[in-house]
Every structure is written in C-alpha cells, then in structure tokens.
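Here's the structure we're looking at; comments come further down.
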Amino acid sequence: MTWGYRCKDVGKPTCYLGAEIVEHEIRGADGTVHKFWSMSAEQYLKLAIQTVEDQQGNSFGKCRDVKTPVELGYRPELDETDELDDDKANYS
C-alpha cells in the first residue's frame, strides 16, 4: 500500500506574506528564455499607509504630534554613554 497526499493545483503564487509575486521572462543574448520571480511590497505598503491614515484621522505625511522615546535632534553617532555590562544588558 502506498501512502501519500494528493495536492490540488492552486496555480502560480500571486502573494506571499503581503508581498505581490510576479513571474517574468527575459530573453538572453543567445536567444534562451530565462524565467525569474520578483516580489514587490507595493500592495503591503499601500495597505499599511491606509491603516495608519485611518487610525490617525489625517494624512500619514502630516503626522506632527507623534511622540517618540528619542529627543528631536538626537545624534546617536555622537553619544558617548558607556555600554551596559552583562547584568544590565540582560534582565527578566
């Protein structure tokens, strides 16, 4: 007796983890056709921006009242604070 699973053909992929997937073909100098796949984050970004706009109630590019843990004008490359020791770097 043979055990196995039969998978149905679902076609070529169009989306993976929010990225649009597209198959392309290019013809090489010798005439051979080369196939490759590309991924685009365009649809994901459009949805992400729309979600932020819906939550903020204004245009994404016009969010001026956003509070961050970093001071305005902070330049990490100029920070001379000592690094944390092993006890302070790990906590539970």
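The values are calculated or read from the model by the stated rules, or taken from the named source; none is laboratory data. Note that the structure is a prediction, hence the values are computed from the model and not measured. Please note: Cβ atoms are built from the backbone with ideal geometry, for glycine as well, and neighbour counts cover all protein chains shown.
The rows are residues; the columns are (1) exposed (fewer than 10 other Cβ atoms within 10 Å of the Cβ); (2) at pLDDT below 85; (3) in a loop (DSSP other than H, G, I, E, B).
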{"residue": "M1", "(1), (2), (3)": "yes, yes, yes"}
{"residue": "Y5", "(1), (2), (3)": "yes, yes, yes"}
{"residue": "K8", "(1), (2), (3)": "yes, yes, yes"}
{"residue": "E25", "(1), (2), (3)": "yes, no, no"}
{"residue": "D30", "(1), (2), (3)": "yes, no, yes"}
{"residue": "K35", "(1), (2), (3)": "yes, no, no"}
{"residue": "V66", "(1), (2), (3)": "yes, yes, yes"}
{"residue": "V70", "(1), (2), (3)": "yes, yes, yes"}
{"residue": "G73", "(1), (2), (3)": "yes, no, yes"}
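Starting from region 29-51, take each residue that is without any contact (Cβ under 8 Å) to a residue 60 or more places away in the chain and list its partners that are surrounded by 10 or more Cβ atoms within 10 Å (Cβ to Cβ) and not in a strand (DSSP E or B), counting only C-beta distances under 8 angstrom and pairs at least six apart or across chains.
Pairs that qualify, where the first residue is without any contact (Cβ under 8 Å) to a residue 60 or more places away in the chain and the partner is surrounded by 10 or more Cβ atoms within 10 Å (Cβ to Cβ) and not in a strand (DSSP E or B), are A41/G18; Q43/G18; Y44/G18; L47/G18; I49/F60.
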